[in-house]
1. Give me the pairs, please: first residue somewhere in the range 248-265 and more than 14 Å from residue 46 (Cβ to Cβ), second residue anywhere and of a type in the set (Gly, Ala, Ser) and part of a loop (DSSP other than H, G, I, E, B), beta-carbon distance under 6 Å, and either six or more positions apart or on two chains.
2. Here is a check on your reading of the model: is residue 218 closer than 28 Å to residue 165 by Cβ and assigned to a helix (DSSP H, G or I)?
3. I'd like the residue in the range 284-310 that is modelled with pLDDT of 95 or more and open to solvent by 40 Å² or more (accessible area, probe 1.4 Å) and, out of all such residues, is farthest from residue 35 (Cα to Cα).
4. Hey, among the residues in the range 270-283 that are in contact (Cβ under 8 Å) with a residue 40 or more places away in the chain and closer than 18 Å to residue 260 by Cβ, which one's surrounded by the most Cβ atoms within 10 Å (Cβ to Cβ)?
5. Answer yes or no as to whether residue 263 is surrounded by fewer than 20 Cβ atoms within 10 Å (Cβ to Cβ) and within 23 Å of residue 39 (Cβ to Cβ).
Amino acid sequence: MVAGSTLLAAARSPAVAAPASASDLQRRLEGLNRQADQQVEDYLQAKLAVERTRKSMRGMQRQLDDVHGQLADARASIAARAAVAYVQGPATDVASLLAASDPTDALERAQLLDLLATHDADQVQAAGAIERSAQARANELAAVERKQAAILKQMAAQKARIEQLVAQTEQTLAQLRAAERRRAAAADRPATTAPSAGSPAPTPPPTAVSGNVGAVIRYAYAQLGKPYQWGATGPGSFDCSGLTLMAWAQAGVSLPHSSRAQIGIGRQVTRSELQPGDLIFRYSPISHVSLYVGNGQQISATHTGSTVKLQSAFQGEIVGFSRPTG
């Protein structure tokens, strides 16, 4: 009876899950990297939107300040005319007409008074228009500020998702390394290293590339082996668009910190037209960019847990090529 109870209890106990295979872990890692790439790109797009709205807000604030200045001047002019009218009294204008020495003089004074009255009315009307313009500018500025707040809230949520994906990626990498150690122990051989940060590659940059593009290529080679870090633009770590941004900065070309935005800078080219320094874009929507360095190779800031690497240029899902121009 005891034995039967023991067997029944064992049957009811949850089975211990077998460790995931290395191939399963590798597929999981690739999926996490793709998700993280997309989330990082969405975050960087939102960051660019923040920068654009901030620039717009600065311009709108300057316009609003100018309109307020015009309104203050118009009000001051109207107040000055009202003060003169108050001091001189309402009969002054009629008295000036009666005091005219001849009809021609009276007519000229009447025309002058009419002109002044018209000017005063125009000033009042202009002040009203300026005031309405100021209110419209203030409303536009408030709308942009609300948009800014919404983008910042979106960015905070995206950043939280990215950090969660990074944590899952690092956990999967640790499991992958453990799986490799188990395989190595079973085969009685040294374990190889799963994707991780490594030493800079000794491969020298090609000497045939010179000028501005040569500076771009040399910079990229100098970053080989540095760790991937999302949102980073160096000097100690990079994400994919951060690396291409900084590399092309060596040639005086300003690129946005976003692979999706970088494809719109310069001229799009075909694979057969590729030259060193051109950019290679991957996935749909675009979420990764690499720098072509010639001879069928690229330099890329890869993904969490890995480094800036020299790789085959034509692996993976390529969706476009471009040549940045200053």
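The values are calculated or read from the model by the stated rules, or taken from the named source; none is laboratory data. Every value quoted in this text rests on a predicted model; they were computed, and no experiment measured them. Glycine gets a Cβ as well: all are built from the backbone with ideal geometry, and neighbour counts include every protein chain shown. All accessible areas refer to the heavy atoms of the entire protein, side chains included, with ligands and DNA or RNA removed. Shrake-Rupley method; radii C 1.70, N 1.55, O 1.52, S 1.80 Å.
1. From residues that are more than 14 Å from residue 46 (Cβ to Cβ), the pairs are 252/326; 253/326.
2. In short, no.
3. Checking each candidate, the answer is 297.
4. Filtering the range 270-283 down to residues in contact (Cβ under 8 Å) with a residue 40 or more places away in the chain leaves 270-271, 273-281, 283.
Subset that is closer than 18 Å to residue 260 by Cβ: 278-281, 283.
Details: 278: 24, 279: 28, 280: 25, 281: 23, 283: 17.
It comes out as 279.
5. When the stated conditions are applied, residue 263 passes them.
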